[in-house]
Amino acid sequence: MADIQESKESLQESLQQVITLLSKHRLVEDLIHKQDMPKQQLVETLVHKQNLAELQKKLDTLHPADVAYILEALPLEQRLDVWELVKAERDGEILLEVSDAVRQTLIADMDSDELLAAAEQLDTDELADLAPDLPKDVLQELLDSLDIRNRERLQSALGYEDDTVGALMDFDIVTIREDITLEVALRYLRRIGGLPDHTDKLFVVDRYDILRGVLPLKRMVVNDLDAEVADIMADDAVVFHPEDEADEAAKAFERYDLVTAPVVDANNKLVGRLTVDTVMDYIREEAESDMLSMAGLREEEDLFSSVWKSVQNRWTWLAINLVTAFVASRVIGLFEDSIEKIVALAALMPIVAGIGGNSGNQTTTMIVRGLALGQIASHNMKSLLKKELGVALLNGLLWGSVLGVVAYALYHNIALGLVMTGAMTLNLLLAAIMGVMIPLVMTKVGRDPAVGSSVLITAMTDSGGFFIFLGLATIFLL
């Protein structure tokens, strides 16, 4: 944990150093520009090169992921200044590390030759990640520059949906035959001179590249070198197909503690592999997407994007929220006479609505998680709803009683305290029902249950909470 903390502090320190160098660069150039001196243009040029050289030296020492982090944390003008200083041979790696929104700003600042040079530094599976953001003419030039095998691989990878194994797999694989000995296999590995990252097993195939099994490297180490691969390999390995859902693959990696796994076509021919680092990146991106969706954001947003682009990204659910807020206000309007007669209602009703919204969001989060993990199906929905209603009832009676006592202490009205307890309990029950049903209904109609769910549940518990509380107060207090 200490190492992680040190790494985080070092990254923040690097970011601050880059910001300081940028500020120093601007300040010194402005001062020199204002001076009236002989050969001022020459002096400005020398100072400019000196400042940029210092900043470039700092960037050269950083890992591509750290440079990506710094680029994401800088406003657009400074980001482009730093991007110009990155060495061309590192462009491709950094473009893969930055977020999609930031990548678009960097690619927009590059010409076709720069983009082609950056792409040529990447493997085929990495090109598949970058290709959707490239201009069509650049992508076509890139395809024309590849050999037949890599061109077919890239076109194949681009043909799969984003959320499938085919879009995540890579082609950097090591294969051996089953009829050779471990000694021959080891000599072959030494001749290669290196293994792809995250390699914990070799893929055993026949002469037609049909997968026969996998040979874990640890078995090679502990077994007799005269043993044949066929006798040592595992023939029950977890395999995936390009059309498999990435979510299911991620669950399998977690369930079976996989580091890498083969990907085969319908004829069991080996076409690629899936690695744990790619799966982890996918899980992280999905988690970030879910967080944005629950807040009503349609897509990932660059922190320093234009005002208009941010407005376009956020307006949809804000508009929906505006409608639901108007509905809630009309519910309150129905009970204006009650509020005029008992002013305490105006002070207490936001508490009922707020607690209901919080409880509903807790329930929704649990249901969305269960749906994502495949733990919720038709056979357990009734049990799940009963459980959530039980939790809501107990919480409603407990905290409703607490608030009832507080209301009585403030306004010395026993009936008001009882109304507070009843309204809190009923609104939490409503929140439980909506918290379960909203994600399930959205899933049923083919929508992402995480998208805007918090907005919808808050709208339901606000309107419902106001109606229940003010309705009970009107009946029992007036």
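At-a-glance table
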| quantity | calculated |
| --- | --- |
| Of all residues in the range 190-201 being under 23 Å from Glu126 (Cα atoms) and not β-branched (Val, Ile, Thr), the one that is surrounded by the fewest Cβ atoms within 10 Å (Cβ to Cβ) | Gly193 |
| Val98, sole failed condition from (1) open to solvent by 10 Å² or more (accessible area, probe 1.4 Å); (2) within 22 Å of the chain's Cα centre (by Cα); (3) of a type outside the set (Gly, Ala, Ser) | (1) |
| Selection count where residues are out of contact with any Leu (no Cβ under 8 Å at 6 or more places or on another chain), within 23 Å of Val165 (Cβ to Cβ) and not in a loop (DSSP other than H, G, I, E, B), scope the range 101-132 | 1 |
| Residue within the range 237-255 that is more than 24 Å from Asp123 (Cβ to Cβ), more than 29 Å from the chain's Cα centre (by Cα) and not acidic (Asp, Glu) present | no |
| Evaluation of Ile283 against (1) at pLDDT below 75; (2) surrounded by 15 or more Cβ atoms within 10 Å (Cβ to Cβ) (one fails), failing number | (1) |
| So Phe326, is it outside any helix (DSSP H, G or I) and open to solvent by 40 Å² or more (accessible area, probe 1.4 Å) | no |
| The range 202-222, residues that are open to solvent by 30 Å² or more (accessible area, probe 1.4 Å) and under 14 Å from Leu186 (Cα atoms) | Leu217, Lys218, Arg219, Val221, Val222 |
| Residue within the range 111-128 that is of a type in the set (Val, Ile, Thr) and in contact with a strand residue (DSSP E or B) (Cβ under 9 Å, 6 or more places away or on another chain) present | yes |
| The range 336-359 residues that are within 15 Å of Leu472 (Cβ to Cβ), paired with ones that are acidic (Asp, Glu) (beta carbon under 9 Å, 6 or more apart) | Ala353/Asp462; Gly356/Asp462 |
| Hits in the range 233-246 - residues which are open to solvent by 20 Å² or more (accessible area, probe 1.4 Å) and either touching a Lys or Arg at 6+ places or on another chain (Cβ under 6 Å) or without any contact (Cβ under 8 Å) to a residue 40 or more places away in the chain (or both) | Asp235, Asp236, Ala237, Val238, Val239 |
| Residue list for the range 235-257, filter: in contact with a helix residue (DSSP H, G or I) (Cβ under 8 Å, 6 or more places away or on another chain) and outside any loop (DSSP other than H, G, I, E, B) | Phe240, Glu245, Ala246, Asp247, Ala249, Ala250, Phe253 |
| Those residues of the range 340-384 which are open to solvent by less than 40 Å² (accessible area, probe 1.4 Å) and in contact with a Phe, Trp or Tyr (Cβ under 8 Å, 6 or more places away or on another chain), in sequence order | Ala344, Leu345, Leu348, Met349, Val352, Ala353 |
| The lone exception for Met460 - which of (1) open to solvent by 50 Å² or more (accessible area, probe 1.4 Å); (2) assigned to a loop (DSSP other than H, G, I, E, B) it fails | (2) |
| Any helices (runs of 4 or more DSSP H) falling wholly within the range 17-100 and containing at least 1 residues that are touching a helix residue (DSSP H, G or I) at 6+ places or on another chain (Cβ under 9 Å) and modelled with pLDDT under 90 | 40-60, 76-85 |
| Criterion violated by Asn321 - all others in (1) touching a residue at least 60 places away in the same chain (Cβ under 8 Å); (2) closer than 25 Å to Val406 by Cβ; (3) open to solvent by 60 Å² or more (accessible area, probe 1.4 Å) satisfied | (2) |
| Unique match (being open to solvent by less than 20 Å² (accessible area, probe 1.4 Å), under 19 Å from Val263 (Cα atoms) and either within 29 Å of the chain's Cα centre (by Cα) or in contact (Cβ under 8 Å) with a residue 60 or more places away in the chain (or both)) among Leu134, Leu142, Leu154 | Leu154 |
| Test result for Leu225, in contact with a helix residue (DSSP H, G or I) (Cβ under 7 Å, 6 or more places away or on another chain), touching a residue at least 12 places away in the same chain (Cβ under 8 Å), farther than 21 Å from Ala157 by Cβ and open to solvent by 50 Å² or more (accessible area, probe 1.4 Å) | yes |
| Only listed residue being on the phi < 0 side of the Ramachandran plot, at pLDDT 95 or above and within 37 Å of the chain's Cα centre (by Cα), chosen from Leu456, Leu394, Leu385, Leu373 | Leu394 |
| Out of Ile475, Ile376, sole residue that is free of Cβ contacts under 8 Å to residues at least 60 places away in the same chain and hydrophobic (A, V, I, L, M, F, W, C) | Ile475 |
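Here's the yes/no breakdown for (1) farther than 23 Å from Leu11 by Cβ; (2) small (Gly, Ala, Ser); (3) in contact (Cβ under 8 Å) with a residue 40 or more places away in the chain:
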{"residue": "Ala65", "(1), (2), (3)": "no, yes, no"}
{"residue": "Val86", "(1), (2), (3)": "no, no, no"}
{"residue": "Val98", "(1), (2), (3)": "no, no, no"}
{"residue": "Asp109", "(1), (2), (3)": "yes, no, no"}
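Quick grid of which residues meet (1) farther than 30 Å from Ile320 by Cβ; (2) surrounded by fewer than 16 Cβ atoms within 10 Å (Cβ to Cβ):
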residue: Tyr188; (1), (2): yes, yes
residue: Phe253; (1), (2): yes, no
residue: Asn267; (1), (2): yes, yes
residue: Asp290; (1), (2): no, no
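The values are calculated or read from the model by the stated rules, or taken from the named source; none is laboratory data. Predicted model only: the values in this text are computed from it and were never measured. Virtual Cβ from ideal backbone geometry, glycine too; neighbours counted across all protein chains shown. These area figures cover heavy atoms from the full protein model, side chains too; ligands, DNA and RNA do not enter into them. Shrake-Rupley method; radii C 1.70, N 1.55, O 1.52, S 1.80 Å.
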